[in-house]
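Any read-out appearing in this document is the output of simple, stated calculations on the displayed coordinates, not a laboratory observation. Model, not experiment: these values are computed from the prediction. Neighbour counts run over all protein chains shown; Cβ positions are idealised from the backbone, glycine included.
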């Protein structure tokens with residue numbers, strides 16, 4: 001059973017550049033959420049995608065955008081990178097369409113992409 | 001004010017000891033609560049869901065007090081492998097709100 005996968009593992013960019021991070025959800029899951037985790041902090045919710053649309057968004061500027069594809073995989077795009085965008089970016093997958101009583105509460109996290117902005 | 005607040009610790013305990021810690025949440029609309037554990041430079045992993053009636057999973061016991069808006073986690077008979085950061089999480093609609101984590105170190 002394939003878990004949540006993310007790519008790349010690490011990324012180094014300079015201020016002002018743009019970055020795209022990728023996520024494939026756990027097998028059978030249809031929902032993808034993105035989180036940003038700065039050093040020493042808990043993950044902060046960026047947004048969630050379901051049925052190829054942004055369903056809920058956290059307190060992040062429009063520089064952060066995303067996309068979900070028909071196969072449920074997702075991308076996070078960050079434009080005009082700032083030094084403060086350096087963080088671990090986590091993708092979490094879950095199941096929104098209940099099946100046989102399966103819980104929709106549980107979000108499973110991928111290993112993350114560590115972004116460094118210089 | 002952060003939605004979920006935790007004592008950062010660290011809690012340094014010997015093997016076999018019991019350790020307990022709490023977190024508080026400010027959003028009374030939160031529908032579900034969880035404890036995740038996170039090892040250094042790894043992703044968070046679900047430890048357990050938290051129910052008002054209290055629930056136990058092996059050596060771990062979680063409790064939710066909605067009236068006082070706090071959540072607790074108790075670890076009995078601590079193992080070296082329990083050393084990690086424990087993240088308290090509230091869920092509102094589709095969003096998970098994480099605390100900054102409580103660090104537990106179990107020593108031999």
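Annotations
- Ascending count of other beta-carbon atoms within 10 Å, so fewest first, for B:43, A:75, A:51: A:51, A:75, B:43
- Proportion of all alpha-carbon pairs of chain A beyond 17 Å (%): 52
- Percent of alpha-carbon pairs separated by more than 15 Å within segment A:1-59: 64
- Mean sequence separation of contacting Cα pairs (under 8 Å, at least six apart), scaled by the length of chain A, corresponds to a relative contact order of 36 percent.
- The eigenvalues of the Cα gyration tensor, multiplied by 5 and square-rooted, give the protein assembly as shown an equivalent ellipsoid with semi-axes of 29, 21, 16 Å from largest to smallest.
- Virtual spin-label span in nm between residue B:27 and residue B:66, 7 Å along Cα→Cβ: 1.7
- FRET efficiency estimate (nearest 0.05) - Cβ-Cβ, residue A:38 to residue A:80, R0 22 angstrom: 0.75
- Separation of alpha-carbon centers, segment B:1-61 and segment B:84-108, rounded to whole Å: 5
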